[in-house]
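Trainee: Okay, here's the structure, questions in a sec.
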Amino acid sequence: MTKKDIAQILVGIDGNTVLSGARKIKTKLITEINKQGLLDQVSVIETGSIGPVNKGVVIGIYPTREIYGNVTENDISEFIQERFIKGRPYKKLLLPEKLPIEIDLTAYDPRKTQYFGRIVLDNCGKINPEDIKEYIGVGGYEALGIALKEKTPEEIIEIVKNSGLRGRGGAGFPTGLKWSFAAKAKRIPKYVICNADEGEPGTFKDRLIMEGDPHKILEGMAICGYAIGANTGYIYIRGEYQLSIQRLKKAIKDAEKLGLLGKNILGTDFDFEVKIKIGAGSYVCGEETTLLNSMEGFRGEPRLKPPFPAESGFLSHPTNVNNVETFANIAPIVLNGAEWFKKFGTKDSPGTKVYTILGHINRPGLIEVSMGITLREIIYDYAGGISSGSFKMAQIGGTAGNILSSEFLDVPLDFESLRKLGYSLGSGAILIMNETVSVVDFMKCCIKFFVHESCGKCTPCREGTKYIYEILDKISSGKGKTGDLETLKLLGKSMKDTSFCPLGQSAPNSLLDTLKLFPEEYNQILRK
Amino acid sequence: MTVKDIVNKYKNKRENLLLILHEIQNCHPQNYLSKEDIELLSKEIKIPVSDIVGTASFYSMFSFTPRGKYIIRVCESLPCHLLGAQTIFKAIETKLGIKEGETTKDGLFTLEGTSCLGICSVAPAIMINDEAYGNLDEEKIGKILDQIREKESKNND
């Protein structure tokens with residue numbers, strides 16, 4: 001961004017908008033601005049996801065923070081005329097959402113991030129993810145500099161511990177504590193791994209973080225490497241995420257050129273390189289020990305813990321594995337301090353959480369909200385309410401997650417509050433459903449997924465998922481019999497108690513929840 | 001690139017096996033891991049054929065049967081399911097006259113089901129090779145397939 005600009009137009013380029021022709025729109029915008037002689041006043045910046053999805057090509061304008069959706073090539077001439085010559089909003093395509101403002105703690109409401117900006121997605125939709133100078137321009141790599149030059153590795157781990165940051169992959173293990181285990185391990189070399197094998201159905205937050213702000217992840221990984229004493233990092237990423245792979249590769253190259261990755265980073269004696277590993281289509285590889293097997297070129301099956309990866313991970317060396325979103329929190333924490341971070345969220349779960357909200361709602365999309373916000377707030381304040389009919393249930397944390405019915409609308413969504421109910425926060429997907437959804441049909445689809453994705457290592461998961469699917473299929477085709485529901489419960493509970501890895505343990509979550517919350521619906525079909 | 005070149009590029013390391021398999025598959029005109037290629041790979045990298053097949057067969061992105069030039073992967077996960085993925089599946093089956101896992105006679109299309117593609121915001125969604133398509137209905141998917149057919153027949157003229 002240059003000073004003389006009166007306005008900046010941000011064009012959101014991500015997996016969704018590219019499909020609607022975002023790149024063409026960007027070119028057309030520049031042509032039209034040139035035609036109107038506005039080149040020195042209005043700049044066009046390519047950026048990651050701006051927020052609203054399912055709205056075609058989305059563009060935003062600073063400083064007015066307006067967001068426009070469903071922009072087509074035919075609109076552009078009129079749009080430039082209206083917005084920049086006549087100086088009024090172009091109402092035809094204006095969306096209700098606003099671009100984020102800078103973090104301003106004076107106007108801080110701990111429960112509504114929309115009023116004070118964001119931590120993880122702060123740069124997404126604001127800077128060009130393919131230009132490292134823009135990342136540096138908003139304070140990027142400053143935290144790495146502070147870490148390397150002013151702090152010892154122990155101090156960094158202490159800051160992360162004090163911040164209370166918990167792993168954003170789903171389990172919520174305290175990040176600082178995890179780092180301290182790997183730091184204590186004696187064997188070298190050690191490894192830092194970023195788990196970007198995002199496969200939980202309905203979750204695509206990590207993809208949008210990688211597409212929108214790749215350097216933030218690299219910076220977080222490098223700080224982790226310094227803290228635990230590792231000189232190599234790997235990003236294990238899904239083979240389907242082509243744009244993420246491309247942007248991360250470019251980011252690594254650019255950072256190496258500027259000496260922010262590679263040998264003697266920022267003139268210190270710390271070396272850190274980052275490599276990319278590409279997955280090949282397997283959900284279970286998101287589990288950290290499975291991911292390690294896959295990275296070593298074996299079948300994606302989980303390993304027995306202990307030993308934990310911190311002791312014996314990649315190639316049997318000490319390894320620290322964190323999720324994309326977790327790494328994206330690191331630089332802001334090091335830069336602003338643990339106390340700053342703790343101002344967000346709840347006491348037990350500080351910080352924010354990135355969710356993808358989907359289903360029967362008016363505004364599906366990507367949001368970053370304070371930990372501890374309720375489902376009701378998400379549906380009515382962020383998702384624009386239920387799109388048709390009334391709220392029936394929500395699945396939080398993807399297919400392996402839990403089901404919340406209307407009585408849970410006011411439960412705070414954070415690790416502790418959900419744990420008390422026997423639930424987990426999961427991956428960050430929230431699927432909202434209205435009363436037209438049949439619970440049995442929904443469960444059939446959930447379990448079918450696990451039948452396909454179970455790795456086959458342990459019996460409860462391999463056989464359990466299959467039996468559950470067969471019984472659900474019988475019930476839905478009218479061939480169910482009395483006692484089926486008890487069998488389902490027994491199977492689900494056994495899987496939960498005896499499966500080898502968290503995948504098998506969490507596969508029956510939604511089944512058990514729906515059996516408890518909607519027994520009438522199962523019985524109705526059984527009686528038919 | 002030959003199998004040997006690919007193995008050399010990845011320094012003959014087991015930990016690069018998935019990357020090697022990806023590249024071998026991409027280099028094959030029929031988009032799959034052929035018996036010959038796997039045997040060659042086994043000799044080069046010194047891993048038994050049974051071990052390579054055992055590993056590759058675990059991952060859904062690898063195929064052991066010849067596939068079409070265009071691989072259509074229809075997302076079958078919940079967000080797409082709720083918004084009509086089954087209709088899309090049937091529309092493609094009817095249009096191309098093939099079932100899941102099959103390839104059209106002209107060798108152009110292979111139809112596969114897949115787990116979440118991470119583009120749920122434009123559900124129901126599919127991928128054709130590396131291109132993603134979203135917000136689909138029967139009409140749109142018909143047009144997309146027609147366009148590919150048209151492009152291909154022009155190339156052959």
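No value in this document is a laboratory result; all are computed from the given coordinates. Because the structure is a prediction, the values reported are computed rather than measured. Using ideal geometry, Cβ is built from the backbone for each residue, glycine included, and neighbour counts are taken over all protein chains shown.
Trainee: Starting from the Cα gyration tensor of the range A:225-282, take the square roots of the eigenvalues, sort them a ≥ b ≥ c, and report rounded, prolate or oblate (rounded when a/c is under 1.5, otherwise prolate if a/b is larger than b/c, else oblate).
Mentor: Working: a/c = 4.34, a/b = 1.78, b/c = 2.44.
It comes out oblate by the Cα gyration axes.
Trainee: Compare B:Ile92, B:Ile71, B:Ile47 in a GNM of chain B, Cα atoms joined below 10 Å, and give the one with the largest fluctuation.
Mentor: Fluctuation is largest for B:Ile47.
Trainee: Averaged over B:73-84, how many beta carbons belonging to a partner chain fall within 10 Å of each residue's beta carbon?
Mentor: For this peptide, the per-residue mean of nearby foreign Cβ atoms is 6.
Trainee: How crowded by other chains is B:117-130, given as the mean number of beta carbons from other chains within 10 Å of each beta carbon? Could you put the intermediate results ahead of the total?
Mentor: Working: counts 8, 17, 9, 13, 18, 9, 5, 0, 3, 0, 2, 0, 0, 4.
The shielding value for this peptide is 6.
Trainee: Separate question: Considering chain B, which cysteines have no disulfide-compatible partner, defined as another cysteine with its Cβ under 4.7 Å away?
Mentor: Result for chain B is B:Cys27, B:Cys116, B:Cys120, no neighbouring Cys Cβ within the cutoff.
Trainee: Based on the Cβ-Cβ distance from A:Lys250 to A:Thr459, what FRET efficiency comes out when R0 is 56 Å, to the nearest 0.05? All intermediate terms of the calculation are to be shown ahead of the outcome.
Mentor: On the way: r = 45 Å, r/R0 = 0.80.
E(calc), rounded to 0.05, equals 0.80.
Trainee: Using a Gaussian network model on chain B with a 10 Å cutoff between Cα atoms, which of B:Tyr70, B:Tyr133, B:Tyr59 fluctuates the most?
Mentor: B:Tyr59
Trainee: Along its principal axes, what span do the Cα atoms of the protein assembly as shown show, with the longest given first and each in whole Å?
Mentor: 70, 64, 61
Trainee: Give me the percent of Cα-Cα pairs in the range B:70-155 that sit more than 18 Å apart, rounded to a whole number. Working shown, then result.
Mentor: Working: 1310 of 3655 pairs.
Value for the range B:70-155 (Cα pairs over 18 Å): 36 percent.
Trainee: Once amide H atoms are built 1.01 Å from N in the peptide plane, which residues 5 or more positions from A:Ile235, or in another chain, come under 5 Å H to H?
Mentor: Answer set, sorted by chain and number: A:Cys194, A:Lys275, A:Ile276, A:Lys277.
Trainee: Other chains' Cβ within 10 Å of A:294-301 residues: what's the mean?
Mentor: On the way: counts 6, 3, 6, 15, 8, 7, 4, 1.
The per-residue average across the peptide is 6.
Trainee: Ok, one more. For chain B, take the longest principal axis of its alpha carbons; what is the angle in degrees between that and the long axis of helix B:17-27, to the nearest 10 within 0 to 90?
Mentor: Long axis of B:17-27 versus the principal axis of chain B: about 60 degrees.
Trainee: Considering only B:Glu39, B:Glu100, B:Glu131, give the residue with the highest GNM mean-square fluctuation for chain B, with springs between Cα atoms whenever their separation is below 10 Å.
Mentor: B:Glu131
Trainee: Determine ³J(HN,Hα), in whole Hz, for all residues of the range A:517-524 in sequence, where each value follows from phi through the Karplus function 6.51 cos²θ - 1.76 cosθ + 1.60 and θ = phi - 60°; x replaces Gly and Pro.
Mentor: 7, 10, x, 4, 5, 5, 4, 4
Trainee: Also, quick follow-up: Of B:Val53, B:Pro79, B:Thr114, which is farthest on the positive side of the dipole of the range B:1-155, counting Cα position, with +1 on Lys and Arg Cβ, -1 on Asp and Glu Cβ, and the Cα centre as origin?
Mentor: Farthest along the dipole direction, towards plus: B:Val53.
Trainee: Next question. Could you tell me which trypsin sites (Lys or Arg not before Pro) in the range A:130-186 are loop residues by DSSP with no more than 16 other beta carbons within 10 angstrom of their beta carbon? Don't jump to the answer; show the numbers that get you there.
Mentor: Values: sites: A:Lys133, A:Lys149, A:Lys151, A:Lys161, A:Arg166, A:Arg168, A:Lys178, A:Lys184, A:Lys186; in loops: A:Lys151, A:Arg168, A:Lys186.
Listed in order of number, the matching sites are A:Lys186.
Trainee: Just to be sure I understand: of the beta bridges DSSP finds with both ends in chain A, what percent are antiparallel, rounded to 5? Present the calculation step by step, with values, prior to reporting the outcome.
Mentor: Working: 30 of 57 bridges.
Of the beta bridges lying entirely in chain A, close to 55 percent run antiparallel.
Trainee: I want to check the label-to-label distance for B:Asp5 and A:Lys133. Put each point 7 Å from Cα in the C-beta direction and report it in nm to one decimal.
Mentor: Roughly 3.7 nm, to one decimal.
Trainee: With a ≥ b ≥ c taken as the square roots of the eigenvalues of the C-alpha gyration tensor of the range A:433-486, please select rounded if a/c is under 1.5 and otherwise prolate if a/b is larger than b/c or oblate if it is not?
Mentor: On the way: a/c = 2.76, a/b = 1.40, b/c = 1.97.
Here the range A:433-486 falls in the oblate category.
Trainee: Still on this structure: Between A:Asp473 and A:Glu407, 0.36 nm times their residue separation minus their Cα-Cα distance comes to what?
Mentor: Values: separation 66, 0.36 × 66 = 23.76 nm, distance 2.86 nm.
Answer, rounded to one decimal: 20.9 nm.
Trainee: From the phi angles alone, apply the Karplus equation (6.51, -1.76, 1.60; θ = phi - 60°) to the range A:468-482 and give each ³J(HN,Hα) in whole Hz, x where the residue is Gly or Pro.
Mentor: 4, 4, 4, 5, 4, 5, 5, 4, 6, 9, x, 9, x, 9, 4
Trainee: Can you compute the charge dipole magnitude of the range A:171-290 about its Cα centre, using +1 on each Lys and Arg Cβ and -1 on each Asp and Glu Cβ, nothing else charged? Give it in debye, rounded to the nearest 20. Mind dumping the intermediate values first?
Mentor: Values: 17 positive and 15 negative charges, 69 e Å.
It works out to roughly 340 debye.
Trainee: Assuming a viscosity of 1.002 mPa s and a temperature of 20 °C, what translational diffusion coefficient in µm² per second does Stokes-Einstein assign to the range A:152-201, Rh being the Kirkwood radius over Cα pairs?
Mentor: Details: Rh = 12.3 Å.
The estimated diffusion coefficient comes to 175 µm²/s.
Trainee: Determine the calculated [θ] at 222 nm for chain B from helices alone, applying -39500 (n - 2.57) to every DSSP H run no shorter than 4 residues and normalising by the residue count; nearest 500 deg cm²/dmol. List each step's numbers first, then the result.
Mentor: Details: 7 runs with 73 residues, N = 157.
After summing the helix terms and dividing by the residues of chain B, the value is -14000 deg cm²/dmol.
Trainee: Scan the range A:370-453 for GluC sites (Glu not before Pro) in coil per DSSP, keeping those whose Cβ has at most 14 other Cβ atoms within 10 Å, and list them by number.
Mentor: Details: sites: A:Glu377, A:Glu407, A:Glu416, A:Glu435, A:Glu453; in loops: A:Glu435.
Sparse-neighbourhood loop GluC sites (Glu not before Pro): A:Glu435.
Trainee: OK, next. I need the shape label for the range A:296-398. Rule: rounded when a/c is under 1.5, else prolate if a/b > b/c, else oblate, with a, b, c from the alpha carbon gyration tensor. Don't skip to the end; give the middle numbers.
Mentor: Details: a/c = 3.00, a/b = 1.56, b/c = 1.92.
Since a/c reaches 1.5 but b/c is at least a/b, the shape of the range A:296-398 is classed as oblate.
Trainee: Note down the magnitude of the dipole of the range A:471-511 about its Cα centre, charges +1 on Lys and Arg C-beta and -1 on Asp and Glu C-beta and zero elsewhere, to the nearest 20 debye. Walk me through the intermediate numbers first.
Mentor: Numbers: 6 positive and 4 negative charges, 16 e Å.
With Lys and Arg at +1 and Asp and Glu at -1, about 80 debye.
Trainee: In whole Å, how far is the Cα centre of the range A:266-329 from that of the range A:403-424?
Mentor: 30 Å
Trainee: Please turn the phi angles of the range B:70-78 into ³J(HN,Hα) values with the Karplus equation 6.51 cos²θ - 1.76 cosθ + 1.60 (θ = phi - 60°), one per residue in order, whole Hz, x for glycine and proline.
Mentor: For the range B:70-78, the Karplus curve yields 10, 9, 8, 10, 9, 5, 10, 7, 3 Hz.
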